[in-house]
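Throughout, read-outs are computed from the coordinates displayed, never taken from laboratory work. Owing to the predicted nature of the structure, the values given are computational and were not obtained by experimental measurement. Cβ placement follows ideal geometry from the backbone for every residue including glycine, while neighbour counts extend to all protein chains displayed.
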Amino acid sequence: MMEKTQTILATISKLYENQKQVELEKQEKGEFFNVFNTIGLRAEEVRLHSAFIAELMNPKGSHGLSYRFLQAFLEVIDLPNDYIDYHRCSQNIVERVIGPVTDKEGGRIDIIIEDGNHAVIIENKIYAGDQTNQMLRYNNYGRKNFPEGYQLVYLTLDGHYPDNCSLGCVKYPYITASYEKNIVEWLEKCYSIAERKPLVQSVIKQYCKLVKQITNTDMDTK
């Protein structure tokens with residue numbers, strides 16, 4: 001028993017020393033620097049996550065890559081990459097107010113990508129809980145304003161389903177998506193798309209690192 005304990009302790013000690021060396025090398029390369037953590041926006045659902053994702057999706061965004069990021073996102077959630085007419089995409093994308101909240105209508109949509117005929121309506125949940133009839137209200141908005149088609153997306157850290165209170169106990173189509181899988185996959189596609197824009201690549205890489213941290217899928221976090 002004593003020999004086994006000593007062997008385990010020796011293994012742990014070796015792993016600890018190796019980890020310290022890895023961390024030292026990363027520190028020297030500046031890999032621990034992350035602008036989003038530095039300015040305290042790590043858990044800001046609206047000010048960071050919705051705003052950043054929407055900016056990448058915006059065909060007229062400051063990234064200068066037109067519709068390519070949006071096209072990649074549509075592919076990740078299994079929609080045709082021409083589902084949205086990029087030339088007619090609305091600029092009212094983040095936190096769209098759709099009227100006073102009632103039992104069946106109103107509220108504030110986190111992210112909406114639409115061209116007047118089709119829409120992708122995203123409810124973005126980082127740590128906030130579901131609101132009563134929230135998904136139902138957004139579904140009713142989509143049905144009323146986009147008769148040619150709309151896709152309701154429930155985006156969370158791990159891809160879980162919305163509560164029945166949010167759905168309003170009514171059945172209608174929606175898809176679940178996760179930061180852990182879908183957003184990371186999308187960001188990696190965006191990184192490759194931005195190969196000729198190093199500043200854009202750098203910011204995408206840092207945001208992807210942050211997403212992996214908050215979903216506990218980053219090797220450093222583990």
Which residues qualify? For residue 81, with a placed amide H closer than 5 Å and at least 5 residues away or on another chain, they are none
The set of residues whose placed amide H lies less than 5 Å from the amide H of residue 150, leaving out same-chain residues fewer than 5 positions away, is 119
Checked region 112-222 against the a/c 1.5 cut and the a/b vs b/c comparison, axes a ≥ b ≥ c from its Cα gyration tensor; verdict oblate
Distance in nm between residue 62 and residue 108 label points, each 7 Å along Cα→Cβ, equals 2.1
Once residue 75 and residue 202 are pulled to full extension, the length gained, defined as 0.36 nm per residue separation minus their Cα-Cα distance, is 43.4 nm
Packing-ranked peptide list from 74-80, 170-176, highest mean Cβ count within 10 angstrom first, is 74-80, 170-176
With the label point 7 Å along the Cα-to-beta-carbon line of residue 195 and a cut-off under 20 Å to each amide N, the hits in region 62-95 are 63-73, 75-76
Applied in sequence order to region 82-91, the curve 6.51 cos²θ - 1.76 cosθ + 1.60 (Karplus, θ = phi - 60°) yields integer Hz couplings, x standing for Gly and Pro, of 10, 4, 10, 6, 4, 6, 10, 5, 5, 8
Interchain or sequence-distant (5+) residues whose placed amide H lies within less than 5 Å of the amide H of residue 176 are 154
With label points set 7 Å from each Cα along the Cα-to-Cβ direction at residue 55 and residue 165, the distance between them in nm comes to 3.4
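Using a cut-off of 11 Å between beta-carbons, work out the net charge of the residues near residue 158 (Lys and Arg +1, Asp and Glu -1, residue 158 not included).
Taking every other residue near residue 158 into account, the sum is +1.
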